[in-house]
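First the structure, in the form of structure tokens, and then the observations on it.
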């Protein structure tokens, strides 16, 4: 019997429940629809949204496993649930809870389809640099009698996630690297960044910002915002965890969000309960969404902030990619490895 968790929620259900009136459903605004007659807002079950079947499922030899899904739950989601409860109750967080919150925000930033798309676009242009270490290791094998080196016998741990094959022809002193930019590389990046570089996340001090009366914060399918801010008219979403003065923002509920400024002790009092800043935060949350905006109630002014796209062809293409991606990736990785 198949015991694998295949319905992978890239936005945790416990998080989305903070925007639910009944604990089971949530209002959703689709930014890509196949037909203009589809209502702008609809109510959906939380268990049925922000989900991609087999998004994190992978092959381990001949067997499919869901170790990433369990890892997210064990290392990032379960530890932060009590932290969220404290935030919603207005309790002050200690240093240990700040670390748990930072780890969760870091994982959430990386584990979405939006981040997958960003990373894959970048990898396609930076592939030579990514392979530098592999090539250096493989070049040493030119002194051996082997004609072809199986990369899988040379590595262990998280590196095995990388779908790379290194071939060396000693006679002509030629080295060839074949790779697949896709799931394996994405899972490797998740594991590497959230284990090897996760320590930097614990250095952030989070400020809790309350929405002003009459303003409701939504959230989205890409809820962690790395903001480069110069003014309310000059900003972008290309910030990063190590960029000084950059802001990291994540909504926690319809009335709370958290914010930190990297390398600075930001003055947050002016932001708290501010009508001006609450409207700005609401605006950038909606702008930053990938395909879905989630809210406790339908939001006004969506067309002025982030109008939806009506495109039946693109809608079908994205749906087909999601349905077939896991099988196609596993088949292509198997061919590459063996």
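Just so you know, all these numbers are worked out from the coordinates, no wet-lab data involved. Bear in mind the structure is a predicted one, so any value in this text is a computation, not a measurement. With ideal geometry, Cβ positions are generated from the backbone for all residues, glycine too; neighbour counts draw on all protein chains shown.
Things to note:
- 221, 60 arranged by Cβ crowding within 10 Å, fewest neighbours leading: 60, 221
- Additional length obtainable on full extension of the chain from residue 245 to residue 228, 0.36 nm per residue less Cα span: 5.3 nm
- Rg over Rh [alpha-carbon atoms, Kirkwood Rh] for region 265-338: 1.23
- Relative counts (whole %) of C-alpha pair distances in region 1-71, using bins that are 5 Å wide: 3, 15, 20, 17, 15, 13, 8, 6, 2, 0
- Kirkwood-type radius of region 246-303, with distances r between different C-alpha atoms, in Å: 12.7
- Ratio of the Cα radius of gyration of region 189-313 to 2.2 N^0.38 Å, where N counts its residues: 1.11
- Against the empirical 2.2 N^0.38 Å (N residues), region 1-136 has a Cα radius of gyration ratio of 1.30.
- Residues 123, 19 arranged by fewest to most Cβ contacts within 10 Å: 123, 19
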